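Accompanying notes for the structure given below.
The values are calculated or read from the model by the stated rules, or taken from the named source; none is laboratory data. Since the structure is predicted, the reported quantities are computational estimates derived from the model, not experimental observations. Cβ atoms come from the backbone with ideal geometry, glycine included; neighbour counts cover every protein chain shown.
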Amino acid sequence: MVNARHVKHVPGRSKTDVLDCQWIQKLHSFGLLNGSFRPDQQIRKLRTYQRLQDNLVVNSAQAIHHMQKALFEMNVQLSNVISDVSGESGLRILEAIIAGERDPEQLAALCSSRIKASRQTVAKSLHGNWDPALLHCLKTALDTYHFTQRQIQECDLCIQRQLTEMDSRAPIPGTATSLKAQLYRVCGVDLTKIPGIKEQAAQIIISEVGLDMSKWNTEKQFSSFLGLSPDNRISGGKVLRRSTRKVYNRAADTLRLCAQSLTHSKSALGAKYRRLRARLGAPKAIVAMAHHLARLVYRMLRYGENYVEKGIEHYERKFRLQRIKWLKKEARALNLQLVAA
């Protein structure tokens, strides 16, 4: 497989399909084409399961939206008193409505004690016009939700089984069988040590980019593959547009979410993200930190290095020294001397 973006920039391209195939074959015989990234079979299986699970989660969310829409059209304002209609209390109430219960007091009594709203408030939200067509829509959406949840559980079991079949890079400590332990065994390093990256995020990243980082010669090439590196449009030495490469990559999206979760992190990465967000704005700061996280993942998987958290104090001290060094340089350029107070 050849990257079409790379083939496009090679000169001498013909316009017909037959000549185009001959031209690509000739370039390949000269060694002018680089193969596209294709993970090994074990990673492809894991990626298939992971993408299927992601699609099932989207379908489950759509079913919840359909349930909320049916309740809204029946003037049943349950979502105003229960934040999650797919929770334990919400599902009990919905199943009772489908079973034929119409008494608001009886329905409100099904709420868990953890619901903050009083039973009288919940009962007031359960007065509605029980239209048969809307009840059928509610039942269909509820059945779809339950079916999708069963499919997600089955897919999760397939992912766990696939992880256990993958080659080991490090022994599992003790008899641990958690997702974190399996990821450590497969990767040889603990990616969850990086602030912002949790077990599920590490699983998605591995399923998309694999474990063999030697397919990218440098971390810059890896970041470019993810679409997190700068791709400025330059003409005549002038930068016309600053942006990243327009690619869709699930690993890159996951890294962006991980970067966004650093907002309240008490770590060096959290301090860096907050500084970048104050200076550049949230969108650019998220991309910059996702780029930083991608480089950390590359180094850990490529060289087996463990991430060491040095804390906010170390980052602030290092940043202060860098600022002082820059100020001294600016002062020398103006024939001045910087004196510490």
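Selection of segment 239-275 for residues being touching an Asp or Glu at 6+ places or on another chain (Cβ under 9 Å) and of a type in the set (Val, Ile, Thr) yields Thr244, Thr254.
Within segment 183-217, the residues that satisfy the criterion of being within 24 Å of Tyr273 (Cβ to Cβ) and either among the aromatic types (Phe, Trp, Tyr) or outside any helix (DSSP H, G or I) (or both) are Val189, Asp190, Ile194, Pro195, Gly196, Ile197, Lys198. Each residue in segment 198-234 was checked for being more than 25 Å from Gln182 (Cα to Cα), surrounded by 20 or more Cβ atoms within 10 Å (Cβ to Cβ) and touching a Leu at 6+ places or on another chain (Cβ under 6 Å), and 0 pass. Contact annotation: residue pairs with Cβ atoms under 9 Å, 6 or more positions apart or on different chains, pairing a residue in segment 256-282 that is over 20 Å from Ser223 (Cα atoms) with a partner that is among the polar types (S, T, N, Q), are Gly270/Thr263; Ala271/Ser265; Arg274/Thr263; Arg274/Ser265; Arg277/Thr263. Of the residues Val85, Val57, the single one that is buried (at least 16 other Cβ atoms within 10 Å of the Cβ), of a type in the set (Val, Ile, Thr) and closer than 27 Å to Thr254 by Cα is Val85.
Taken over segment 114-137, residues that are surrounded by 13 or more Cβ atoms within 10 Å (Cβ to Cβ), free of Cβ contacts under 8 Å to residues at least 40 places away in the same chain and in a helix (DSSP H, G or I) amount to 3.
Name the residue, out of Tyr303, Tyr298, Tyr307, that is surrounded by fewer than 12 Cβ atoms within 10 Å (Cβ to Cβ) and assigned by TED's automatic domain parsing to the domain that holds Gln203. Every option except Tyr303 fails the conditions. Every residue in segment 96-113 that is closer than 16 Å to Gly128 by Cα and part of a loop (DSSP other than H, G, I, E, B), please. Selection gives Gly100, Glu101, Arg102, Asp103.
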